[in-house]
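Here is the structure we will look at, set down as structure tokens.
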Amino acid sequence: MNLAACDFLMSIYLFLIAGADYVYKGVYFLNSEMWTGSSLCRVAGILVTVSCEGSLTFLLVLTRHRYSNITDLFSDSFFVTPKHVTGICCICWLILVLISLSPLSQLPYFGHNFYGTTGVCLPMNLLIIDVHAWQYSLAIFAVSNSAILATIMTTYAQMYRLVSGSRSGSGRIDPTELVLARRSLVINLSNLFCWLPIITVQFCAVFRVDIPNQVAAWLAVLFLPINSSLNPLLYTILTIDLKSIQAKYKRRRQ
């Protein structure tokens, strides 16, 4: 539910950008400062920040939760308890809100228009390195996300190793374990392919590689929505056991 909420925020952000594109189409060069300095642009920046960072954060929580279920199935694991999971999710939301609202503070570090650096209101203003709070963008969207992705992939690799060891030790193949391993591979690759271009662009900007302004728009309308669109598919539709549902439906009809 938390992951779905973060992905839903991405759709609202895209609607705001699409609406601005419709309103200012053909006359954007006359109204660019009006749009980038507007409250709607700030709201769009907050939404995309919470959506992107929240999506990866809750993926990390889900990964840790699944890992705990495998390694500590019969123990009182911290992550297995629903009460603790709820508390962790609340803390994550609080941190996400604080991160997204920090650029709106009156601190000189963030300047007067942090989210208006690009026309699509992305908080990745290090496309131009000599601007306010580029270290903030680097830390949040490049360093932090790289660490989260590395942790997720490493954890799933350990899960796959445990499943493979259990399978080889027992001498039989559990279909459920195979499905989990394959699904984990798809999840890892989808998140990696969606975030790798974004992280690469940010690190290139740090080393002063010339990056066209259109790159920010492509990142906003292509790579970020792909990640939010795949998550519901991977974590909802693919987790539905259709055979069990069909079997229960047949038993009820009988």
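The values are calculated or read from the model by the stated rules, or taken from the named source; none is laboratory data. Worth saying up front: this structure is predicted, and the values here are computed from it rather than measured. Cβ coordinates were reconstructed from backbone atoms using ideal geometry, including for glycine residues, and neighbour counts include every protein chain displayed. Accessible surface is based on the protein model in full, side chains and every heavy atom, while ligands, DNA and RNA are left aside. Shrake-Rupley method; radii C 1.70, N 1.55, O 1.52, S 1.80 Å.
A few remarks follow.
- In Hz, Karplus ³J(HN,Hα) per residue of segment 103-119 (6.51, -1.76, 1.60; θ = phi - 60°; x = Gly, Pro): x, 8, 5, 8, 5, x, 4, 7, x, 9, 8, 5, 6, x, 5, 10, x
- Per-pair calculated FRET efficiency, R0 = 25 Å: Val186 and Asn69 via Cβ, rounded to 0.05: 0.80
- When you count the other C-beta atoms within 10 angstrom of each residue and take the mean per peptide, 8-18, 111-121, 153-163 line up highest first as 111-121, 8-18, 153-163.
- Computed from the C-alpha gyration tensor, the three semi-axes of the ellipsoid equivalent to segment 1-96 are 40, 11, 8 Å, from longest to shortest.
- Heavy-atom accessible area with a 1.4 Å probe sorts Leu96, Leu230, largest first, into Leu230, Leu96.
- With both labels modelled 7 Å from their Cα along Cα-to-Cβ, the Leu162 to Asp21 distance reads 4.3 nm.
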